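Enquirer: Sharing a structure below in structure tokens format, with a few things to ask.
The values are calculated or read from the model by the stated rules, or taken from the named source; none is laboratory data. The shown structure was predicted, so the numbers you read here are calculated from the model rather than taken from an experiment. Backbone-built Cβ (ideal geometry, glycine too); neighbour counts: all protein chains shown. Calculation scope for accessible area: heavy atoms of the full protein, side chains included, ligands and nucleic acids excluded. Shrake-Rupley method; radii C 1.70, N 1.55, O 1.52, S 1.80 Å.
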Amino acid sequence: MAGVAALGFIIVLEIAARRYGLPGPMTNQAKEVITAPASGPLLYASMALMMVVLTWRQRFVAAGVAIGIDVVFLLVRWVFDAGVTEGHSFGNGALWVILGCAVIAVTRRTGQERVLLLKGVGLGLLLVAGRKTGDTWLLITSKAHPSVLDPYVAVADHALGDPSWLAGRMVAATGPIGEHVLDWVYAQLAVAAVVVALYQLRNVAAERRFPGHHLVRTFLVIGLLGPAIYMIYPVVGPVFTYGTGAFGTGGEQWAVANLWPDTLPPMTTPQPWTYDDITPRNCMPSLHTAWATVIFIHSRKAPRVLRFAGTFWLIATLCATLGFGYHYGIDILAGVVFAVTIEAGLRSFDRGWDRPGIQLVAYGAVVFAALLASARYLPMEMAARPWVFGPLLVLAMASVVYGYARTVRLWDPQAAVPVPKPEPRLELI
């Protein structure tokens with residue numbers, strides 16, 4: 001049922017993209033069977049997810065075949081002098097292996113073995129399709145909403161101390177090394193999620209079944225629902241790629257003003273602002289923050305190195321989203337609330353809805369809606385009273401996080417109390 005629903009959604013999105021004269025997710029993904037893929041690391045990460053259902057011998061064979069196919073593609077491009085101008089020169093092999101395993105599942109497997117292999121293939125393809133679906137969503141947001149709400153969010157962000165402007169100056173002070181590290185962390189977020197997911201799914205091949213809930217489910221649902229919020233609340237952010245944005249350089253003809261990060265935006269009555277039809281309206285909420293948050297949550301029960309990695313990825317992602325000017329402060333708070341609410345909903349769905357789960361999801365949804373509504377309808381009041389609204393915004397987010405932590409403690413089984421061993425006693429022989 002999940003597979004059919006996902007396929008139906010992708011088909012609908014393909015049709016919607018065609019109406020705007022854009023290639024849809026299915027078209028873009030089909031091209032990567034031959035052309036250079038947009039993200040080679042993502043395709044290999046997807047293949048790694050698929051391989052959790054294989055034995056170790058099968059994994060080595062699959063990886064070898066993928067690398068061999070990529071070498072062949074590289075040689076063919078070199079012979080015909082077809083250099084790669086966009087994307088990566090590798091990754092086709094991983095996609096071919098995923099599709100080949102689907103063919104093997106249908107033609108050479110039966111019963112539970114076929115179902116398990118198809119689930120592995122579906123898991124890998126869902127990660128790939130999620131990326132293509134998100135790209136298509138972003139293009140549609142730019143075509144469907146000529147006006148953006150950045151002036152409202154920028155004014156409301158005064159209540160938080162304009163963190164994007166502050167972080168932008170701090171990141172610039174770190175020089176090229178700090179910028180390159182944060183840019184790499186920001187770009188490879190999906191790969192980090194796969195690493196944590198591989199630990200969670202490490203026993204699938206032995207147990208011949210998937211766990212009820214894991215990171216990939218939450219990751220994909222966030223990517224599915226997040227762009228729908230973009231359609232309701234279009235915001236481009238202070239700065240987007242190549243310096244364009246509501247307050248960035250490079251897009252002066254569309255920007256409200258060239259202010260970021262040195263000059264704070266003026267505290268004037270905001271109005272909707274007409275922007276171009278190219279830049280995605282992908283700011284509210286911050287999905288990178290949401291994804292990094294669920295990576296942090298799911299890494300809490302992993303070994304220490306993964307716990308440290310999850311913490312680092314969350315902190316670095318927050319620094320990148322603000323420091324590069326991609327998001328406002330309220331976007332970050334909304335992203336955390338969005339992620340925690342979805343995670344709570346999926347966990348409740350997996351274990352069965354109960355009163356604490358329903359209350360947590362409802363409360364998270366109300367707080368999320370309140371954050372968006374306050375930035376839209378109360379920006380001047382928020383900016384005029386930062387000592388009131390700033391703490392209230394942070395406390396609202398923290399209350400959802402605390403509610404999630406408290407509810408999860410109720411859900412998790414209590415650790416068994418160890419029975420004390422009797423102390424040795426001297427006995428007569």
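Enquirer: Checking VAL121 against (1) over 30 Å from PRO227 (Cα atoms); (2) open to solvent by less than 10 Å² (accessible area, probe 1.4 Å); (3) of a type in the set (A, V, I, L, M, F, W, C), which single condition isn't satisfied?
Expert: (1)
Enquirer: Restrict the check to region 244-259 and report whether at least one residue is within 26 Å of THR174 (Cβ to Cβ), of a type in the set (Ser, Thr, Tyr), modelled with pLDDT under 90 and surrounded by 16 or more Cβ atoms within 10 Å (Cβ to Cβ). Step through it out loud before you land on a result.
Expert: Restricting attention to region 244-259, the residues satisfying the condition of being within 26 Å of THR174 (Cβ to Cβ) are 244-251, 255, 257-259.
Retained after the next criterion (residues that are of a type in the set (Ser, Thr, Tyr)): 244, 249.
Now restrict to residues that are modelled with pLDDT under 90: 244, 249.
Checking which are surrounded by 16 or more Cβ atoms within 10 Å (Cβ to Cβ) leaves us with 244.
Yes: region 244-259 contains one or more residues that are within 26 Å of THR174 (Cβ to Cβ), of a type in the set (Ser, Thr, Tyr), modelled with pLDDT under 90 and surrounded by 16 or more Cβ atoms within 10 Å (Cβ to Cβ).
Enquirer: Which members of region 340-386 meet the condition of being of a type in the set (S, T, N, Q), open to solvent by 60 Å² or more (accessible area, probe 1.4 Å) and in contact (Cβ under 8 Å) with a residue 60 or more places away in the chain? Steps first, answer last, please.
Expert: Step one: list which residues in region 340-386 are of a type in the set (S, T, N, Q), which gives 341, 348, 359, 374.
Filter once more, keeping what is open to solvent by 60 Å² or more (accessible area, probe 1.4 Å): 359.
Those that are of a type in the set (S, T, N, Q), open to solvent by 60 Å² or more (accessible area, probe 1.4 Å) and in contact (Cβ under 8 Å) with a residue 60 or more places away in the chain: none in region 340-386.
Enquirer: If you don't mind, there's one more thing I want to ask. Tell me, which helices (runs of 4 or more DSSP H) lie completely within region 289-397 with 1 or more residues that are under 30 Å from GLU179 (Cα atoms) and of a type in the set (Val, Ile, Thr)? Write out each step before concluding.
Expert: Values: elements: 304-323, 329-351, 355-377, 379-384.
Result: 304-323, 329-351.
Enquirer: Being open to solvent by 50 Å² or more (accessible area, probe 1.4 Å) and more than 22 Å from the chain's Cα centre (by Cα): is that true of LEU139 here? So that I can check it myself, show each step before the final result.
Expert: Numbers: open to solvent by 50 Å² or more (accessible area, probe 1.4 Å): yes; more than 22 Å from the chain's Cα centre (by Cα): no.
Answer is no for this residue.
Enquirer: Tell me which of these VAL148 doesn't satisfy, since it passes every other one: (1) in contact with a Lys or Arg (Cβ under 7 Å, 6 or more places away or on another chain); (2) surrounded by fewer than 22 Cβ atoms within 10 Å (Cβ to Cβ); (3) β-branched (Val, Ile, Thr).
Expert: Condition not satisfied by VAL148: (2).
Enquirer: Conditions: (1) open to solvent by 40 Å² or more (accessible area, probe 1.4 Å); (2) assigned to a helix (DSSP H, G or I). PHE210 meets all but one. Number of the miss?
Expert: Only one criterion is unmet by PHE210, namely (2).
Enquirer: Pairs only if they're at least six apart or on different chains, beta carbon under 8 angstrom, first in region 133-156 and under 16 Å from TYR377 (Cα atoms) and modelled with pLDDT under 80, second open to solvent by 10 Å² or more (accessible area, probe 1.4 Å) and of a type outside the set (D, E, K, R); list them, first residue then second.
Expert: Close Cβ pairs satisfying both conditions: none exist.
Enquirer: Next question, about the same structure. Whether any residue in region 184-205 is basic (Lys, Arg) and either within 20 Å of the chain's Cα centre (by Cα) or surrounded by 13 or more Cβ atoms within 10 Å (Cβ to Cβ) (or both) is what I want to check. Explain how you work it out, then say what you get.
Expert: Keep residues of region 184-205 that are basic (Lys, Arg), which gives 202.
Okay, now just the ones that are also either within 20 Å of the chain's Cα centre (by Cα) or surrounded by 13 or more Cβ atoms within 10 Å (Cβ to Cβ) (or both), so none.
No, every residue in region 184-205 fails to be basic (Lys, Arg) and either within 20 Å of the chain's Cα centre (by Cα) or surrounded by 13 or more Cβ atoms within 10 Å (Cβ to Cβ) (or both).
Enquirer: If I filter region 37-63 down to residues being within 11 Å of LEU127 (Cβ to Cβ) and of a type in the set (S, T, N, Q), which single residue comes out as surrounded by the most Cβ atoms within 10 Å (Cβ to Cβ)?
Expert: Across region 37-63, the extreme among qualifying residues is SER46.
Enquirer: Consider only pairs whose beta carbons are under 7 Å apart and that are at least six residues apart or on different chains; among these, list those whose first residue lies in region 391-410 and is farther than 14 Å from TYR363 by Cα and at pLDDT below 95 and whose second residue is open to solvent by 40 Å² or more (accessible area, probe 1.4 Å) and assigned to a helix (DSSP H, G or I).
Expert: LEU410/PRO356
Enquirer: Looking only at region 273-286, filter to residues that are of a type in the set (A, V, I, L, M, F, W, C) and in contact with a Phe, Trp or Tyr (Cβ under 8 Å, 6 or more places away or on another chain); which one of those is surrounded by the most Cβ atoms within 10 Å (Cβ to Cβ)? Lay out the reasoning, then the answer.
Expert: Filtering region 273-286 for residues of a type in the set (A, V, I, L, M, F, W, C) gives 273, 278, 283-284.
Retained after the next criterion (residues that are in contact with a Phe, Trp or Tyr (Cβ under 8 Å, 6 or more places away or on another chain)): 283-284.
Details: CYS283: 28, MET284: 30.
Checked region 273-286; the qualifying residue surrounded by the most Cβ atoms within 10 Å (Cβ to Cβ) is MET284.
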